[in-house]
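Written below as structure tokens is the structure these notes are about.
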Amino acid sequence: MDAETANEPMLDLTQVQRTARSLQDSIAKVIVGKGPTVELLLVALLTPGHVLIEDIPGIGKTTLAKSLARSLGCRFQRIQFTPDLLPSDITGVNVFNQKVAEFEFRAGPIMAQIVLADEINRAGPRTQSALLEAMEERQVTVDGVTYRLPQPFLVLATQNPIEMEGTFPLPEAQVDRFLMRISLGYPDREEERTILRRHAATDPLEGLQPVASAEEILQLATRCRSVYVSPSIEDYILALVRATREEHSLDLGVSPRGSIALHQTARCLAALHGRDFVVPDDVQALVLPVLTHRLILSSQARLRDRSAKDILSDVILRVPVPVEERWSEAKA
């Protein structure tokens, strides 16, 4: 480590923790019993990156996106993907204004801060690419003019893993551009009872008020990028990634984009937990949501009914975990 890094003062992450807790408490007024999933969503917001939610209808994907947007006071848009959806329906279009005798740009729904791309795999590849280009570049170009997207900018794309008829599955190269893939899953009995009671009188979404601002999120995201990652943790991330590339059950392992994603999200997760340094538990907690969708199973693995999650779980067990008495000492 160089002298400049060694002399850095301890990073104050109190505001990151306070804001994250306020957001989690606000979202929990609507989304019941999904604390770990909400935490992953906040990690994606701070990294920043985009999230692919694979789950059946009615689980609460739209409600989760709306709850986050209202808790932040951010502009929210929902795009319902259908086979006839055009790229211009997402990015916007130039329309001729007869009063001023010139074209003017009418922004599409992508010009929001929290965008729900509902059933993204129901649109054609050209339309999917229009959204994914905006996600990657954080801008859209219409008739040669480039428009920057607002910040923060988070896309929550959903797809139904059960009903695949009439869909256009995302190519692997496009799926790899999502920071993580998550699912909500069914609530347990008591959680569902709580949901019933909350919705008995009114929609709990209506009562949500902003607890943080978009500007504050951008400031906290910058602070998260200063969280320290020791060389031994970097070696651990690289070992996990390289193990997937040498795994016989996989035709394609994790790309360098995946290792960058794991490195960046681990820093944000450490910050949410109030630490200015990353520990192995941060990395392990993010391996499945960040890396699973980046793998391509071999035909033999599919025949044996093995999943990417199974393979990554084996990799976690197989790769030695670095050991230090106190991870913060590596920074000091």
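Relative to the longest principal axis of the Cα atoms of the chain, the long axis of helix 231-245 lies at roughly 70 degrees. Using only the alpha-carbon atoms, how far is helix 280-291 inclined from the longest principal axis of the chain? Give it as 0 to 90 degrees, nearest 10. Between the helix axis and the principal axis of the chain, the angle is about 40 degrees.
The angle between the Cα long axis of helix 308-318 and the longest principal axis of the Cα atoms of the chain comes to about 20 degrees, rounded to the nearest 10. A straight line joining the Cα centroids of the stretch 262-315 and the stretch 166-202 runs 19 Å.
Can you tell me the relative contact order of the stretch 227-332? Whole percent, Cα pairs under 8 Å, sequence separation 6 or more.
For the stretch 227-332, the relative contact order is 36 percent.
Between F277 and Y228, the built amide H atoms are under 5 Å apart, and every one of these is 5 or more places off in sequence or on another chain. Here the relative contact order of the chain, from alpha carbon pairs under 8 Å that lie six or more residues apart, stands at 22 percent.
Using the number of other C-beta atoms within 10 angstrom as an exposure proxy, rank D84, D276, D235 with the fewest first.
By the 10 Å Cβ count, ascending, the order reads D84, D235, D276.
Less than 5 angstrom separates the built amide H of V142 from those of Y147, all sequence-distant by 5 or more or on a different chain. Within the stretch 224-270, the GluC sites (Glu not before Pro) that combine a DSSP coil assignment with at most 10 other C-beta atoms in a 10 angstrom radius are E246. Relative to a virtual label point 7 Å from the Cα of R148 in the Cα→beta-carbon direction, which members of the stretch 120-140 show backbone nitrogen distances below 17 Å? From the stretch 120-140, the list is 134-140. Residues whose amide H falls under 5 Å from that of M180, counting only those 5 or more places apart or on a different chain, are H50, L52, with hydrogens built in the peptide plane.
Peptides 171-177, 196-202, 140-146, 120-126 ranked from most to least packed, by the mean per-residue count of other Cβ atoms within 10 Å: 120-126, 171-177, 140-146, 196-202. For the stretch 177-193, 3J(HN,Hα) computed residue by residue from phi via the Karplus equation (6.51, -1.76, 1.60; θ = phi - 60°) reads 7, 7, 4, 8, 10, 9, 9, 8, x, 5, x, 7, 4, 6, 5, 5, 4 Hz, glycine and proline entered as x.
Using the Karplus relation 6.51 cos²θ - 1.76 cosθ + 1.60 with θ = phi - 60°, the per-residue 3J(HN,Hα) values for the stretch 82-99 come to 9, x, 9, 5, 9, x, 5, 5, 9, 7, x, 8, 8, 10, 6, 9, 5, 5 Hz, with x marking Gly and Pro.
Per DSSP helix of 4 or more residues, -39500 (n - 2.57); summed, then divided by the residues of the chain. What does that give at 222 nm, rounded to the nearest 500? After summing the helix terms and dividing by the residues of the chain, the value is -13500 deg cm²/dmol.
Karplus-based coupling profile of the stretch 106-111, in residue order and whole Hz: 10, 5, x, x, 5, 7, with θ = phi - 60° in 6.51 cos²θ - 1.76 cosθ + 1.60 and x standing for Gly or Pro.
Using the Cβ-Cβ distance between A101 and R75 with R0 set to 51 Å, the FRET efficiency works out to roughly 0.95.
Indicate the gyration tensor shape class of the chain (rounded, prolate or oblate), computed on the Cα atoms with a ≥ b ≥ c the square roots of the eigenvalues: a/c under 1.5 is rounded; otherwise a/b larger than b/c is prolate and the rest oblate. Rounded is the answer for the chain, as its axis ratio a/c remains below 1.5.
Is the stretch 209-332 rounded, prolate or oblate when judged by the Cα gyration tensor, a ≥ b ≥ c being the square roots of its eigenvalues, rounded requiring a/c under 1.5 and prolate requiring a/b larger than b/c? Note, shape of the stretch 209-332 comes out oblate. Using 0.36 nm per residue and subtracting the Cα-Cα separation, the extra length available between K309 and T14 on full extension is 102.8 nm.
Only the coordinates and a few stated rules stand behind these numbers; no lab work does. Keep in mind the model is a prediction, meaning the values are calculated, not measured. Backbone-built Cβ (ideal geometry, glycine too); neighbour counts: all protein chains shown.
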